[in-house]
Amino acid sequence: MFLALEIVVLYGATRLRLACNRFKLTDDLPPQVDSERLAGLSNAQTAAVAAYLSFAIVRLLGRLPTHPSCLIRSLVLLRLLARWGIDSTFVIGVRLKDGSLAAHAWVEYQGIPLLDPGGGEFARLLQREVTTDGHSSTVSNETVVCAK
């Protein structure tokens, strides 16, 4: 119940900041709620928690009448993972298919996609590593540009 509320609040805040053009990935990550929440978990256990949080976001946001885009889902998951103290990677990919350009966003944990990466059809255009230190989150300035 509390997880659903946390997701809905993050969703509303993310939509509002994007609508007001006030969203900056580098300084818009929420503070961590409880740095001890995942203390002592192995990488596999943390990956399972990250996958569960992703599943919860897809299920909950999928029920909304607004049907959030991949970008919104990714930003909400990124913020939720940061609150839980889980490192992640935010990725934006592009593809050219039948003469039209398409973009897609997803989040990864240690290289494993937590949201649908578009079936491997998208070449990475941008990648940002989000790391946590137990109290706050930081975003790298690493940008990856590649052609497929």
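Quick rundown of the values:
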read-out: Convex hull projection area averaged over all views, the stretch 2-139, Cα basis, nm²; value: 8.7
read-out: Hz values of 3J(HN,Hα) by residue in the stretch 80-94 - Karplus curve (6.51, -1.76, 1.60), Gly and Pro given as x; value: 5, 4, 5, 5, 8, x, 10, 5, 7, 10, 9, 10, 10, x, 10
read-out: Whole-Hz couplings from phi, Karplus 6.51/-1.76/1.60, listed for the stretch 4-21; x for Gly and Pro; value: 4, 5, 4, 5, 5, 5, 5, 4, x, 5, 5, 4, 5, 5, 5, 5, 8, 6
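Rule-based calculations on the coordinates, nothing more; no lab input. Please read these numbers as outputs of a predicted model, since none were measured by experiment.
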